[in-house]
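The structure appears below as structure tokens.
No lab work stands behind these numbers, since they all come straight from the coordinates. Keep in mind that what you see is a predicted model, and the values were worked out from it rather than measured.
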Amino acid sequence: MTSPDVLPPTRTDPAEVVADAVAAAGDVQPPESTTRLPGLSPSRASDYLQCPLLFRLRVVDRVPEPPSPAAVRGTMVHAVLEQLFDLPAGARTLEAAAALLAPVWEAMVEAEPRVAEVLDGAGTDAWFENATALLRTYFTLEDPNRLAPAERELAVRLDTEEGWELRGIVDRLDVAPNGAMRVVDYKTGRSPREGFEASALFQMKFYALVLSRLRGQVPAMLQLVYLGDGVVLRHVPDDAELAGTERKVRAIWSGIREAATRGEFQPRRGPLCDWCAHQSLCPLFGGTPPPLDADAVEHAVGVRPQA
């Protein structure tokens, strides 16, 4: 893999930053640059492994999805934790974090009015109470006054020799005085059951792979912070493990390109089907996907379906 690139933030307006965060949560699909390379993020890789049709509907067809309360709440809490570190050490308190919730929420609704649908008549008091509870849990796990993140919401991109890219957004990157890196990701849900950590760690190993190419060293620690139940999952990666992650990512991309060439992104039944927003377009539920647009396939994946 070649051409490492760390992307600096391109937007400074709070509403635009939040709009990007909402889009990253999967609720809104942002317009893509016509020059953007086809590529893969951890979320989209997981989509394909879960269900190739889900990948197609999200990445190729870009079918809008109704806002998910969990995703929107997660986006809001992520934005608050990002902005919390704009405050000086000593001022990063639970009260200060809770005070950020209202302006962040207002910016989210202004940027994308649909997110307000998640309240569904329940009112904002309960919404903010739930978000505050997640922030309260965060403060039991870390003292942000003792931290000095090197990066927050770090967009990373790594071009491959084959002309596609690995990309993603790292919630937080801590760098020790000796250069050791800790990759931190916040999760507003509950931690996985014992024995089911592999899926969550895949995302972190993906980031570790990209950062190891960008910065010339393997991150010393991968850390998942689960605010839903107050669990911190830590993992120490190594070169051999990241080599295996690269093979897995390449295999996923190869499968995506083969499906695109055939023009067949088949649905795959799984435990998350009952929560899928696209049942009306899924043959497993009696639906019919939209006609496949060859130009959209080529833009998203880099190959055209065979005639």
³J(HN,Hα), Karplus 6.51/-1.76/1.60, whole Hz, each residue of region 158-168, x for Gly, Pro: 9, 7, 9, 5, 7, x, 10, 10, 9, 8, x
Alpha-carbon spread of region 151-248, three principal axes, descending order, Å: 41, 32, 23
Estimated 222 nm signal from helices in the chain, with DSSP H stretches of n ≥ 4 weighted -39500 (n - 2.57), rounded to 500: -13000 deg cm²/dmol
Global size of the chain as Cα Rg and Dmax, reported in angstrom: 19.6, 63
